[in-house]
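All of the numbers you see were taken from the coordinates with simple rules; none came from a lab. In this text, all values refer to a predicted model and were calculated from it rather than measured experimentally. Every residue, glycine among them, receives a Cβ derived from its backbone with ideal geometry; neighbour counts consider all protein chains shown.
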Amino acid sequence: MLANITQTDELLEEMRTALGSDYDRYRNHVYRVINITDYFCPLEGEALQQVAIAAAFHDAGIWLDHTFDYLDPSRVRAEEYARSIGHGDWVNTIAAMIMNHHRIRAIHSNQLVEAFRRADWVDVTQGTLSFGMPIDFLNSLKTLYPVLGFHARLLQLTLLQVRKNPLSPLPMMRW
């Protein structure tokens, strides 16, 4: 299991105030997504760093930008961060992971982006969509990184969005 990724932890720590009481829930979701991505596409080197950045930012716009239409704000923040650490060459991959993590259809052009998409779907659906990943693996991740009401919080945020914008209840979804 991948744990204590310095880059991820530093990014999440910078977001702690904005995340507020959702900090531990979001951190654990991020680490579950990283580990599930690693299951589908073993991570090392640059790929691990790219996933660490994308995972930290992928839903962050909800809290940092106070919007449920958070893909673009999350992407922009991740791109700015990648450039700030001298990795503008990673921007396209990181952006693709963030912009496509709620995509319904598979992505055949990039194995890493597809693994990230699958990982988020596995975690958000709590394994209902498993893409062949053993449920024991997800359960072991939940032991290491407990859910702490993350899915209930997502439902609460979704219901608030539906009330505010009934004609655009899920603006982050992609085909």
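A few points about this structure:
- Listed residue (MET1, GLY88, ASN100) projecting farthest to the positive dipole end of the chain, Cβ model: ASN100
- Ratio Rg/Rh [Cα only; Rh per Kirkwood] for the range 3-84: 0.95
- Relative to the Cα centre, the charge distribution of the chain, modelled as +1 at Lys and Arg Cβ and -1 at Asp and Glu Cβ, gives a dipole magnitude of about 680 debye.
- Across GLN49, GLN126, GLN111, mean-square fluctuation computed from a Gaussian network of the chain (C-alpha pairs under 10 Å connected) peaks at GLN111.
- Cα gyration tensor shape for the range 6-164, rounded if a/c is under 1.5, else prolate or oblate: rounded
- The GluC sites (Glu not before Pro) found in the range 27-121 that occupy coil by DSSP, while having at most 16 further C-beta atoms within 10 Å, are GLU44.
- Pairwise centroid distance, computed over Cα atoms, of the range 57-86 with the range 1-44, Å: 14
- Extending 7 Å from the Cα toward the beta-carbon at both ASN92 and PHE137 defines two label points whose distance is 2.8 nm.
- Of all the options GLY20, GLY45, GLY88, the one that moves most in a Gaussian network model of the chain with Cα springs shorter than 10 angstrom is GLY45.
- Cut-off under 5 Å, modelled amide H: who pairs with ARG103 long-range: ARG174
- When the square roots of the Cα gyration tensor eigenvalues are ordered a ≥ b ≥ c, the ratio a/c for the range 79-138 is 1.5 or more and a/b exceeds b/c, which makes its shape prolate.
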